[in-house]
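Okay, structure first, notes after.
The values are calculated or read from the model by the stated rules, or taken from the named source; none is laboratory data. All values reported here derive from a predicted model rather than from experimental measurement. Methodologically, a virtual Cβ is constructed for each residue, glycine included, from the backbone with ideal geometry; neighbour enumeration extends over all protein chains shown.
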Amino acid sequence: MAQLDTREKLAILADAAKYDASCASSGTVKRDSRGGKGVGSTEGMGICHAYAPDGRCISLLKILLTNSCIFDCHYCINRKSSNVRRARFTAQEVVHLTLAFYKRNYIEGLFLSSGIIRSSNYTMEQLVEVARALREDHDFRGYIHLKTIPDADPELVRQAALYADRVSINVELPTVSGLERLAPEKSATRIEGAMKDMKLGIEDGKDARKKYRSAPKFAPAGQSTQMIVGADAANDGDIVMRASQLYDRFALRRVYYSAFSPIPSPSAVLPLKRPPLMREHRLYQSDWLMRFYGFKPREVVSAAGDDGMLPLDIDPKLAWALKFRDSFPVDVNKAPREQLLRVPGLGTKAVKRLLQSRRWRAITLDDVARLTVSIAKVRPFITTSDWRPTLLTDRADLKTLVTPRETQLDLFAG
Ligand code: SF4
């Protein structure tokens, strides 16, 4: 490997990490250095969480320890047979970079992943060493997300969870057959075994802390995983069902979806085109429907077309409502929360406000309009004290009426 300076390594290893979507820092515990002890914080004034429009966290230093790898996963730009420039940080270099960027307020924490060098255990030891040095040698109290390696010794993965806020283990592909075809050196059994161990460790850690306040924290922000979308033949229905199964079995905080990006010199088994980014977005929306809107996975899947794909032109909640029109209209003044959450265009906050307001007075269409971005989208699906959508939900052209119109951005506007 050619001798590179830190800036060159950073350029290569930050770029190589961009394919990993699972870096949001939600759900961690409060930990800060106010009072003069330690460095960093996961919460509080002066530290802002910045998210890109697609929901990805952008305030972590997100890098790979190395983009060299002894594995040859077909979809990965860092695979052994890929002709890319390689670079590698030492554990100490990552520690210094994290602290330097943190002190300049560029970042609020670290997201660290790695290709596999020498062996899974050796690589995992290096990742753990970064987290250990940050926590123990530098009293770093910012956020740490470590990507763990399912094949590594469980004791090393356990150590990672003692230093990191969040750990993640990628399932990589939505189906076992996809994994066998595109990442033959990986094993779904080992990946799921590692996720199960992590789940048990997190539960034991929580129990221990209930009994003894001094018990160490164990991955307090839980575990997450990532699936690549569009590299294999899995449709959205397969992906939604797989995600729901993973949430149930391993108590995951998040399943992240990453639209497959074609890579230079791709293997012949890969599709030539990337899936539309909107597909990734629709999967995130379906994920929210299951986690916050009370939708069962089968209900989300029922919003998909005959090919098992969610529509790209409308969100899955609207697609569901248009298919199951007999569930509407919903009486905003009487319906329970679960039914209100089914109304297209009403988010969880709007529903909360409606439930509060209707205790004191009857809700009108104007009241609802003040709580939503598009009353045109909501109107056909509700009744209020002054509005009833006569025959509206039966109209064949309802979808056209409620689909947001695409607007051409004007270069010279404003
Ligand atoms: S193990 Fe990870 S880094 Fe290595 S080729 Fe597979 S996906 Fe890429």
Exercise. Of the conditions (1) away from the ligand (no atom under 16 Å from the Cβ); (2) in contact with a Lys or Arg (Cβ under 6 Å, 6 or more places away or on another chain), Lys196 fails just one. Which one is it?
Worked result: (2)
For this session: Pick out the one residue from Ala100, Ala152 that is hydrophobic (A, V, I, L, M, F, W, C) and crowded, with 17+ Cβ neighbours inside 10 Å.
Result: Ala152
Exercise. Within the range 189-200, can one find any residue that is touching a residue at least 60 places away in the same chain (Cβ under 8 Å) and either farther than 21 Å from Asp72 by Cα or crowded, with 18+ Cβ neighbours inside 10 Å (or both)?
Worked result: no
Problem set entry | Selected residue [acidic (Asp, Glu) and assigned by TED's automatic domain parsing to the domain that holds Arg359] from Glu338, Glu299 | Glu338
For this session: Kindly indicate which of Asn67, Asn105 is within 15 Å of the ligand (Cβ to nearest atom) and either closer than 29 Å to Ala231 by Cα or touching a residue at least 24 places away in the same chain (Cβ under 8 Å) (or both).
Result: Asn67
Exercise. From the list Asp32, Asp72, Asp15, Asp20, which residue is surrounded by 14 or more Cβ atoms within 10 Å (Cβ to Cβ), among the charged types (D, E, K, R), at pLDDT 90 or above and assigned by TED's automatic domain parsing to the domain that holds Ser187?
Worked result: Asp72
Problem set entry | Candidates Val343, Val368, filtered to the one that is within 30 Å of the chain's Cα centre (by Cα), outside the structural domain of Ala234 (by TED's automatic domain parsing) and β-branched (Val, Ile, Thr) | Val343
Problem set entry | Filter result for Val130 (under 30 Å from Asn105 (Cβ atoms) and of a type in the set (Val, Ile, Thr)) | yes
Exercise. Which residues, taken from the range 328-346, are out of contact with any Phe, Trp or Tyr (no Cβ under 7 Å at 6 or more places or on another chain) and either part of a loop (DSSP other than H, G, I, E, B) or closer than 18 Å to Leu401 by Cβ (or both)?
Worked result: Val332, Asn333, Lys334, Ala335, Pro336, Arg342, Gly345, Leu346
Exercise. From the residues in the range 108-144 that are more than 16 Å from the ligand (Cβ to nearest atom) and touching an Asp or Glu at 6+ places or on another chain (Cβ under 8 Å), which one is nearest to Ser224 (Cα to Cα)?
Worked result: Ile144
Exercise. Of the residues Ala208, Ala231, which is surrounded by 17 or more Cβ atoms within 10 Å (Cβ to Cβ) and among the hydrophobic types (A, V, I, L, M, F, W, C)?
Worked result: Ala231
Exercise. For the range 174-209, which residues satisfy the criterion of being basic (Lys, Arg) and not in a loop (DSSP other than H, G, I, E, B)?
Worked result: Arg181, Arg190, Lys196, Lys199, Lys206, Arg209
Exercise. Is there any pair linking a residue in the range 308-328 that is on the phi < 0 side of the Ramachandran plot to one that is surrounded by 15 or more Cβ atoms within 10 Å (Cβ to Cβ) and of a type in the set (S, T, N, Q), with Cβ under 6 Å and at least six apart or on different chains, and which?
Worked result: Met309/Asn235; Ile314/Thr403; Asp315/Gln285; Pro316/Gln285; Pro316/Ser286; Arg325/Thr393; Phe328/Thr393
